[in-house]
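Heads up, the thing below is written out as structure tokens.
Just so it is clear, none of the values below were taken in a lab; they were calculated from the coordinates. All figures in this text were calculated on a predicted structure; none of them were measured in a lab. All Cβ positions, glycine included, derive from the backbone under ideal geometry; neighbour counts span all protein chains shown.
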Amino acid sequence: MSPEEIAVSVRRLASALLPFAVALMAGCATTQAGPEKIADTAAHTAQLSTLNRLLNEAGMADTLRGDGPYTLFAPSDDAFKALPPATLQALQADKAKLKAVLGYHVVPGRMAAGDIRGGKAKTAEGSEITLATAGTFVTVEDAIVTQADVPATNGVVHVIDRVLMPPKK
């Protein structure tokens, strides 16, 4: 092949591949979504589908779409599966109790994992939770943060491995 023939082949190949390159770049650009409100972050996080459903049932999703800022200690689907089935059924049957339990997982204000120090924090439910750190581990009551600092436009979400129950009043 002469240099001219090679140049023609390269141009043809480049023009044939151009639509694929453009589509690939456009696809990458559209998947880079920024942070959403906390309720929407929960709705779009696969491991938080149970929490998302319960937030909607309790009427708390709209609150977590508000201005905030909030910190949500979000029990994973596995955390809800670890509850006795009767406990989850009782919560779903009593919306006030469900709202209290979910509110116990919300702290007004934005607390990144690095900002958490040992101590107490007042929840949206009205009780206090105990926060602690050990190295890079963060605990909330007897739950461990398994995924920290999921960003949201109105706060932050920390996925935890247990469902927290507020103290009886």
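Extension gain for residue 67-residue 81 works out to 2.0 nm (0.36 nm per residue, less the C-alpha to C-alpha distance). Label sites at residue 110 and residue 56, each approximated as a point 7 angstrom past Cα along Cα to Cβ, lie 2.7 nm apart.
For the stretch 109-156, trypsin sites (Lys or Arg not before Pro) are listed when DSSP marks them as loop and at most 14 other Cβ atoms sit within 10 Å of their Cβ; the list is 117. Give, as ranges by residue number, the residues of the stretch 55-91 whose backbone N falls under 20 Å from the point 7 Å along Cα→Cβ of residue 127. Those under the cut-off are 55, 58-60, 71-76, 79-91.
Taking θ as phi - 60°, what are the ³J(HN,Hα) couplings along the stretch 77-90 by the Karplus curve (6.51, -1.76, 1.60), each to the nearest whole Hz, with x for Gly and Pro? Whole-Hz 3J(HN,Hα) from phi for the stretch 77-90: 4, 4, 5, 5, 5, 6, 5, x, x, 5, 5, 5, 4, 5. The value obtained for the stretch 31-169, namely the Cα convex hull volume divided by the number of residues, is 104 Å³ per residue.
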